[in-house]
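Q: Sharing a structure below in structure tokens format, with a few things to ask.
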Amino acid sequence: MKKVLAAALASFALFAACKNSGENKAPVVPAEAAQEPQSKVPYYYGLIEEYQTILAEDPHNLAAVIGLGNAYFDSGAWREAITQYERALKLDPRNADVLTDMGTCFRNLGMPERALSEYRKALQFEPGHLNARYNMGVIYAYDLKDYAVAIHVWQELLRLSPNHPHAEYMRSCIATFKKSLKKAGP
């Protein structure tokens, strides 16, 4: 908790310094914040604890349930994330983002078919869900080695979103997969 408070104070000090951009003074950082080692890894345990506290008071708080699932996801606690995503889906069964993230958890647990099932559900509720489509292509390409399907999935994604953040990567993979399929023959 001290680290979170120190980080908040440091952020406020930096924000205040930025507001006075006409001055060339270095921002004043409280001594406590300066002594705390800065970590680039988020403090997931504190975040998880915070969401658990919120949910103890309001167990049907969808945003907190999803937030808790996401904190577990981001920390690599796949099974715990799935538990929270399942809880969220009881409150909002058509949430394509949650279905997609849960699918990725299953993939990371070595269950690509289950992951595909979750991505397909996400696409039933939100056909244009780009992240579900992208992740489906990843599974077909790298887990199932079904390059033809991966090409199809990613080409459709690029048709929907030509400037997708992973567009160049997908285009490169598609070209490579096509060459591989051509060499393998019919």
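The values are calculated or read from the model by the stated rules, or taken from the named source; none is laboratory data. Quick caveat, the model's predicted, so the values are computed rather than measured. Because the Cβ atoms are built from the backbone with ideal geometry, glycine has one as well, and the counts that use them run over all protein chains shown.
Q: Would you check if Arg120 is assigned by TED's automatic domain parsing to the domain that holds Val153 and basic (Lys, Arg)? Before you say what the answer is, go through the steps one by one.
A: Working: assigned by TED's automatic domain parsing to the domain that holds Val153: yes; basic (Lys, Arg): yes.
For Arg120, the condition - assigned by TED's automatic domain parsing to the domain that holds Val153 and basic (Lys, Arg) - is met.
Q: Let me spell it out: the conditions are (1) in a helix (DSSP H, G or I); (2) of a type outside the set (Phe, Trp, Tyr); (3) at pLDDT 95 or above, and Glu32 meets all of them except one. Which number is the exception?
A: (3)
Q: Are there any pairs, at least 6 apart or on different chains, whose C-beta atoms fall under 6 Å, with the first in the range 161-186 and aromatic (Phe, Trp, Tyr) and the second part of a helix (DSSP H, G or I), and if so, which?
A: Short answer, once both residue conditions are applied: Phe177/Tyr147; Phe177/Ile151.
Q: Another one. I need a count of the residues in the range 136-149 that are over 18 Å from Asp101 (Cβ atoms) and either under 21 Å from the mean Cα position of the chain (by Cα) or not assigned by TED's automatic domain parsing to the domain that holds Ser180 (or both).
A: Pass one, the range 136-149, residues over 18 Å from Asp101 (Cβ atoms): 140-142, 144-149.
From what is left, the residues that are either under 21 Å from the mean Cα position of the chain (by Cα) or not assigned by TED's automatic domain parsing to the domain that holds Ser180 (or both) are 140-142.
Looking only at that region, the number is 3.
Q: Here is a further query. Scan Arg133, Arg171 and give me the residue that is more than 29 Å from Gln52 (Cβ to Cβ) and over 21 Å from the mean Cα position of the chain (by Cα).
A: Working: Arg133 fails: over 21 Å from the mean Cα position of the chain (by Cα).
The unique qualifying residue is Arg171.
Q: Among (1) hydroxyl-bearing (Ser, Thr, Tyr); (2) more than 25 Å from Asp74 (Cβ to Cβ); (3) touching a Leu at 6+ places or on another chain (Cβ under 8 Å), there is one condition Tyr119 misses while meeting the rest; what is its number?
A: Among (1) hydroxyl-bearing (Ser, Thr, Tyr); (2) more than 25 Å from Asp74 (Cβ to Cβ); (3) touching a Leu at 6+ places or on another chain (Cβ under 8 Å), the lone unmet condition for Tyr119 is (2).
Q: Pick out the one residue from Ala141, Ala175 that is of a type outside the set (S, T, N, Q), crowded, with 21+ Cβ neighbours inside 10 Å and in a helix (DSSP H, G or I). Lay out the reasoning, then the answer.
A: Numbers: Ala175 fails: crowded, with 21+ Cβ neighbours inside 10 Å.
After applying the criteria, what remains is Ala141.
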